[in-house]
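The values are calculated or read from the model by the stated rules, or taken from the named source; none is laboratory data. No experiment lies behind these values; they were computed from the predicted model shown. Because the Cβ atoms are built from the backbone with ideal geometry, glycine has one as well, and the counts that use them run over all protein chains shown. Quick note on the areas: whole protein, heavy atoms, side chains included, nothing else; ligands and nucleic acids left out. Shrake-Rupley method; radii C 1.70, N 1.55, O 1.52, S 1.80 Å.
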Amino acid sequence: MRWMMAALALAGCAEMQKASPQWATLSGGPPIIIAHRGASGYLPEHTLEAYALAIDQGADVIEPDLVFTKDGVLIVRHDRYLSGSTDVADRAEFADRKRSNNDPQDAENVGRVDWWVEDFTLAEIKTLRARQPFPGRLKEHDDRFEIPTFSETLALAAAKAVQAGRPVGVYPETKHPTFFASIGDDFEAPLLAALEGFEAGPVFIQSFEPEILKRLKGKTTAMLVQLVYQYEPGAGPNIPLDQIAAYADAVGPSKNLILDDGGATEFLAAAHRLGLSVHPWTFRDDLPNLGMAAREELAIFINAGVDGVFTDFPDTAVAVRDALGSPN
């Protein structure tokens, strides 16, 4: 019931906005559709094929998560460990690479026994094949697609923008920047070098760790996005918005920071007052969506005025946005 009351609270804002010729976003334009790990609801995540499908489905921006190989190349994977999204566990030649992670700089993975990206050269990574990591999603495309580099991903976005006749942006996330810096791989120089000359669409750089964003401020024209979450229900973001506004252009909150058990929060309005765009994560057709259907949830957030949405199913989000923006 509380979810329903929360939904109605945001839906009330939606009714008022129907009479307005503008969206309730910070810019007044339509919210962007961010393909979370590509069209990852349909194809193995972070593959060129998943990114291409997302763009074909109408996504404005593709989101590659970045990690480093042993030889210092930026590739796209969500995690440092490889067993969840590749076939590495079935590769006998890499059996002896399996080890425990005991580095405190990556606290969430301390004690995990797995294969770690920083132990593999790019050439070795290129022999692996991607797999769908989410239970319940189609596995028919497993073991077909390569693991791409960031440069390959940028080239794909540029080519697809020409093909589609519209901008296609990129939204890279620096994964575990403190950990990688501790082993000699700093994101700043290779990330900026890779992005130099990319003009296919807007660029956003995101991170859960504020220090990398603070160092990038003033060195790039990309929008800087601080990712935030709640430590516990009702606690607010783990980094205060007024602090974020000092170095970032946008904030990427978990959805429950905007709509929680107690109803609609002040987060969205507070961020907009500080000039921060708001891109909540993650909208999925096949996982619980605040007790409602995926399209209903998307409509509530879009009508409330979020500036973009992270989604595993870009076609659904595009359809909802376009329907809301239609004069009919």
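Grab the beta carbon distance between Asp90 and Asp56, set R0 = 41 Å, and tell me the FRET efficiency rounded to 0.05.
About 0.85, to the nearest 0.05.
Excluding Pro167 itself, calculate the net charge of residues whose Cβ lies under 12 Å from the Cβ of Pro167, where each Lys or Arg counts +1 and each Asp or Glu counts -1.
With Lys, Arg at +1 and Asp, Glu at -1, the neighbours total 0.
Applying a 10 Å radius around every beta-carbon, put 53-62, 306-315, 106-115, 198-207 in order of their mean neighbour count, most first.
My ranking of the peptides, most packed first, is 306-315, 53-62, 198-207, 106-115.
Hey, what do the phi angles of the stretch 145-159 turn into as Karplus ³J(HN,Hα) couplings, whole Hz, using 6.51/-1.76/1.60 and θ = phi - 60°, x for Gly and Pro?
10, 6, 8, x, 7, 5, 4, 5, 5, 5, 5, 4, 4, 5, 5
Expressed as an acute angle from 0 to 90° and rounded to the nearest 10, what is the orientation of the C-alpha long axis of helix 314-325 relative to the principal long axis of the chain?
Roughly 20 degrees, rounded to the nearest 10.
Arrange the peptides 243-251, 27-35 so that the one whose residues have, on average, the most other Cβ atoms within 10 Å appears first.
The packing order, highest mean first, is 27-35, 243-251.
Cβ under 13 Å from Val76's Cβ, Val76 left aside: what net charge do those residues give with Lys, Arg +1 and Asp, Glu -1?
Net charge around Val76: -3.
Ser27 to Asp71: extension gain in nm, 0.36 nm per residue of separation minus the Cα-Cα distance?
11.7 nm
Report in % the part of the accessible area of the chain that belongs to carbon and sulfur, leaving out ligands and nucleic acids; probe 1.4 Å.
53 percent
What does the net charge come to around Arg99 if you take all other residues with beta carbon closer than 10 Å to its beta carbon, with K and R at +1 and D and E at -1?
With Lys, Arg at +1 and Asp, Glu at -1, the net is 0.
For the stretch 252-328, what size does the Cα cloud have along each of its three principal axes, sorted from largest down, in whole Å?
On the principal axes, the stretch 252-328 reaches 30, 29, 20 Å in Cα extent.
Just to be sure I understand: of the beta bridges DSSP finds with both ends in the chain, what percent are antiparallel, rounded to 5?
30 percent
Helix 294-304 versus the longest principal axis of the chain: what angle, 0 to 90°, nearest 10, using Cα atoms?
Long axis of 294-304 versus the principal axis of the chain: about 60 degrees.
With only alpha-carbon atoms in the gyration tensor, what are the semi-axes of the equivalent ellipsoid for the stretch 73-212, in Å, largest first?
Computed over the stretch 73-212, the values are 27, 21, 13 Å.
Enumerate the residues in the stretch 186-205 having an amide nitrogen under 13 Å from the point lying 7 Å beyond the Cα of Val162 toward its Cβ.
Label zone hits: 199-200.
With r as the distance between the Cβ atoms of Ala269 and Ser151 and R0 = 41 Å, compute the FRET efficiency 1/(1 + (r/R0)^6) and round to 0.05.
0.55
Do me a favour and compute the ellipsoid semi-axes for the stretch 42-143 from its Cα gyration tensor, root of five times each eigenvalue, largest one first, whole Å.
Largest first, the stretch 42-143 gives 24, 15, 14 Å.
Under the rule of -39500 (n - 2.57) per DSSP H run of 4 or more residues, summed and divided by the residues of the chain, what mean residue ellipticity at 222 nm is obtained, to the nearest 500 deg cm²/dmol?
Result for the chain: -8500 deg cm²/dmol, rounded to the nearest 500.
If amide H atoms are built 1.01 Å from N in the plane of the peptide, which residues on other chains or at least 5 residues away come under 5 Å of the amide H of Asp65?
Arg77, Glu173
Could you please state, rounded to a whole Å, how far the C-alpha centre of the stretch 77-150 is from the C-alpha centre of the stretch 209-286?
29 Å
Could you do me a favour and compute the accessible area per residue for the chain, 1.4 Å probe, result in Å²?
Accessible area per residue, the chain: 43 Å².
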